[in-house]
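Values in this text are rule-based calculations from the coordinates and carry no lab data. Small disclaimer: the values here were computed from a predicted structure and weren't measured. Cβ: placed from backbone, ideal geometry, glycine included. Neighbour counts: every protein chain shown.
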Amino acid sequence: MIVVYKSNTGYTKQYAKMLSSKLDVPAYSLDEVPECHRGRDAVFLGWLFAGSIVGYKKAARLCRLRAVCGVGMSPPSQKLTDALRAKMGIPSSVGVFYLQGGFDMEKLSGPFKLVMKYKCREIAERLSLRAELSPEEQATYQMAHGEGSAVSEANLAEVLAYLR
Ligand SMILES: Cc1cc2nc3c(=O)[nH]c(=O)nc-3n(C[C@H](O)[C@H](O)[C@H](O)COP(=O)(O)O)c2cc1C
């Protein structure tokens with residue numbers, strides 16, 4: 001069993017490293033999976049881009065996936081996890097999890113920055129209308145102001161319980 005990840009700005013990589021150390025197995029970037037692990041068991045973590053888990057299709061071709069984690073800036077919810085399974089076409093035999101990651105506008109390249117400036121303004125405006133925010137929604141609100149992280153080992157508890 002190995003951990004495979006696809007990360008753009010590093011938050012998914014942080015989760016992958018935590019998971020690999022908890023499971024005591026190696027972690028590889030999706031583009032560097034050694035030949036000897038191809039076709040074998042893996043858990044895949046990919047960052048979320050417009051509701052899709054980046055790298056999932058390639059990871060599913062390379063390895064026998066036992067679980068897939070999407071890492072995004074939205075607050076976690078069962079609805080979001082279900083939507084990820086449906087959108088990516090992940091079979092019911094594979095566990096699907098959503099992990100709240102982090103966001104840093106400064107780490108984004110030009111085109112992504114432009115899209116996210118607009119998107120973050122929209123998210124911040126929507127959340128500011130709410131009387132109360134959960135801690136996870138507060139984390140998203142913080143991220144929508146340019147930078148923030150919700151990465152924590154505690155968020156991996158469900159994935160770990162599933163894999164063990
Ligand atoms: C262009 C772009 C699109 C994104 N789309 C989503 C999305 O649909 N849902 C979500 O929750 N987060 C979305 N995000 C936020 C990232 O998934 C989040 O910041 C994630 O933690 C990044 O992981 P990374 O540091 O491993 O790249 C998007 C970010 C960018 C730059």
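Karplus-based coupling profile of the stretch 42-48, in residue order and whole Hz: 8, 10, 10, 10, x, 6, 8, with θ = phi - 60° in 6.51 cos²θ - 1.76 cosθ + 1.60 and x standing for Gly or Pro. With 22 Å as the limit on Cα-Cα distance, the pairs of K79/K119; K22/K107; K87/K113; K17/K119 that go past it are K22/K107; K87/K113; K17/K119. In the elastic network of the chain, a GNM with C-alpha springs shorter than 10 Å, the most mobile of Y28, Y141, Y118 is Y118.
Give, rounded to the nearest 20 debye, the magnitude of the charge dipole that the chain has about its Cα centre when Lys and Arg contribute +1 at Cβ and Asp and Glu contribute -1 at Cβ.
580 debye
Please state the shape class of the stretch 67-164: rounded when a/c is under 1.5, otherwise prolate if a/b exceeds b/c and oblate if not, all from the C-alpha gyration tensor.
In terms of gyration-tensor shape, prolate.
Along its three principal directions, the equivalent ellipsoid of the chain from the Cα gyration tensor extends over semi-axes of 28, 16, 14 Å, largest first. Counting only alpha carbon atoms, the long axis of helix 11-23 and the longest principal axis of the chain meet at about 40°.
Of the residues V68, V25, V43, the one that moves most in a GNM of the chain with alpha-carbon contacts below 10 Å is V25.
Counting only DSSP H runs of at least 4 residues, each contributing -39500 (n - 2.57), and dividing by the residue count of the chain, the helix-based mean residue ellipticity at 222 nm comes to -12500 deg cm²/dmol. Taking the chain as a Gaussian network of alpha-carbon nodes connected by springs under 10 Å, the highest mean-square fluctuation of the residues G72, G101, G51 belongs to G51.
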